[in-house]
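> The structure is given below, and queries will be raised subsequently.
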Amino acid sequence: MSKIKEMTLIALLSAILTISKEILAFLPNIELVSFLLILFGRHFKLTHSLLIATIFCFLQIVLYGFGDWSIMYFIMWNGLVMISFYTKNIFKN
């Protein structure tokens, strides 16, 4: 895959994460971000998935400002991606 396609895919998937979080914010207990990041971690390269999660975290800081939760977002979302990436061979079937 060319570099331009990779960059476009990463940007688009980061935007989809942000938009899905904002659209479903008014509904209680419905959150697609974790589900989508698990899918991205299982389907894409680790570097691409980590970039998607990191860009999503930066977009959250742009929208809501820097707070105590910002650092934990970087740890939590990137950790979720790494866990789903490294366990994809365990749960193959």
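> Among the residues of the stretch 24-73, which ones are under 22 Å from residue 84 (Cα atoms), of a type in the set (A, V, I, L, M, F, W, C) and part of a loop (DSSP other than H, G, I, E, B)?
30, 32, 44
> When only residues in the stretch 1-41 that are surrounded by fewer than 16 Cβ atoms within 10 Å (Cβ to Cβ) and among the charged types (D, E, K, R) count, which is modelled with the lowest pLDDT?
31
> Among the residues of the stretch 44-55, is there at least one that is open to solvent by less than 90 Å² (accessible area, probe 1.4 Å), more than 12 Å from the chain's Cα centre (by Cα) and among the basic types (Lys, Arg)?
No: zero hits.
> Looking at 21, 5, which is the one that is within 12 Å of the chain's Cα centre (by Cα), part of a helix (DSSP H, G or I) and among the basic types (Lys, Arg)? Before you say what the answer is, go through the steps one by one.
Details: 5 fails: within 12 Å of the chain's Cα centre (by Cα).
Step by step, each of 21, 5 is checked, and only 21 is within 12 Å of the chain's Cα centre (by Cα), part of a helix (DSSP H, G or I) and among the basic types (Lys, Arg).
The values are calculated or read from the model by the stated rules, or taken from the named source; none is laboratory data. Remember, it's a predicted structure, so these values are computed and weren't measured experimentally. Note: ideal-geometry Cβ built from the backbone for every residue, glycine included; neighbour counts use all protein chains shown. The accessibility values were calculated without ligands, DNA or RNA, using every heavy atom of the protein model including side chains. Shrake-Rupley method; radii C 1.70, N 1.55, O 1.52, S 1.80 Å.
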